[in-house]
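Worksheet: one structure, shown below.
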Amino acid sequence: MEPSTGITDGLKDLKDKIKALLHERKAILLAHNYQRPEVQDIADLCGDSLELSIKASQTDAEVIVFCGVHFMAETASILCPDKKVLLPASDAGCPMADMITAENLRQRKAEISTGKRVVVISYVNTTAEVKAESDICCTSANVIQVANSVDPSHQIFMTPDKNLAQYAIEHTNRNIVYWEGFCPVHNNLTVAQIRETKAAHPEALFLAHPECPPEVLALADEVKSTSGMIAYAGNSERREFIIGTEIGILHPLSKSNPEKSFFPADPGMICSDMKKIGLREILRALENLQPEVKVPKKIREKAKGAVDRMLAIPSE
Ligand code: 13P
Ligand code: SF4
């Protein structure tokens, strides 16, 4: 038998306690692809924003432990008002989601309402209040299908990510204006970094997230959501990939493709909010059934329409 150390014993003990409490509380643990490896490894389901929303809408668990950031837990609460949604680190936010308020959205919509009907498409990386002012949501996995679902004679206002919106403009023939928000992690990626990484790995395909700037996306072989990248790399004949998104995704990519190599486009692409949850935070949340995220009824009912309309659109 392998000699055990205090650290591995402690870790096993922590994981066993979490598993026992998940069972006792009739809880499900959902984790985003950027979460810490040990959190992803203990989750019932890991995925991108779209997959996690779908799973939240379908689960019969009584408690959802959401390992991600605040807007994701809010989306789960919007879809499952009768369930307890826990966000183990209450301060795990998304700086991009905080770049537009419901009041900003109302004002901007009024400014652009000059005759044409304005349809607001909000990225799921928004607060529940912003979703409540929106016609439909989208994620990085379905932005093109969502934009194409809008009548071409309407004016689309897309919020908050300027890069995602420009990607949609390039790949649809819809009229789209957008808010100037961005993800600080993806927006910093530069053409020079990509050229340098490509020169170091000339055989590698470059997979980029649509939150990257347009000039970076122009160099990408494929533009994908986080789970889209995992699926693409798994199905591809190629063996080397440069990954243009938050580095937490390197864990599921390497785990499901041990024979392939994944190189970060920039090893500094770290979302500190996505790293706030560890096993101890999960255990504490399950013990105390706190911190809870609950969207107030009035906002929830309006926001649910936008999320439901997105979920009704078949993804690729
Ligand atoms: P995905 O939906 O592609 O996982 O992206 C979520 C996100 O926050 C990207 O920064
Ligand atoms: Fe928000 Fe960017 Fe972090 Fe995703 S990576 S949660 S968009 S700050």
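Observations, loosely collected:
- Dipole magnitude of the chain about its Cα centre (Cβ charges: Lys, Arg +1; Asp, Glu -1), debye to nearest 20: 740
- Highest average packing first - 166-172, 49-55, Cβ atoms within 10 Å: 49-55, 166-172
- Cross-link check: pairs Lys131/Lys294; Lys131/Lys304; Lys83/Lys275 evaluated at a Cα-Cα cut-off of 20 Å; pairs beyond the cut-off: Lys83/Lys275.
- Here the 3J(HN,Hα) profile of the range 42-57, calculated from phi with Karplus coefficients 6.51, -1.76 and 1.60 at θ = phi - 60°, is 9, 6, 6, 8, 10, x, 8, 4, 5, 4, 5, 5, 4, 4, 4, 6 Hz, Gly and Pro shown as x.
- Taking every DSSP beta bridge that has both ends in the chain, the antiparallel portion is near 5%.
- Sites Gln58 and Ala199 - FRET efficiency at Förster radius 30 Å, r taken between beta-carbons, to 0.05: 0.10
- Simple spin-label estimate for Asn148 and His171 gives 1.0 nm between the two label positions (7 Å along the Cα-to-Cβ direction from each Cα).
- Between the C-alpha center of the range 1-59 and that of the range 153-209 there is a gap of 31 Å.
- When the chain is treated as a GNM with alpha-carbon contacts under 10 Å, the residue of Cys137, Cys80, Cys67 showing the greatest mean-square fluctuation is Cys80.
- The distance linking the range 245-316 with the range 108-150 is 21 Å (Cα centroid to Cα centroid, whole angstrom).
- Cα→Cβ-extended label distance, 7 Å offset, between Lys294 and Asp98, nm: 2.4
Quick note: the coordinates plus some simple rules give every number you see, no bench work behind them. Everything numeric in this text was worked out from a predicted model, so none of it was measured. Positions of Cβ are generated from backbone atoms using ideal geometry, with glycine treated the same way; all protein chains shown enter the neighbour counts.
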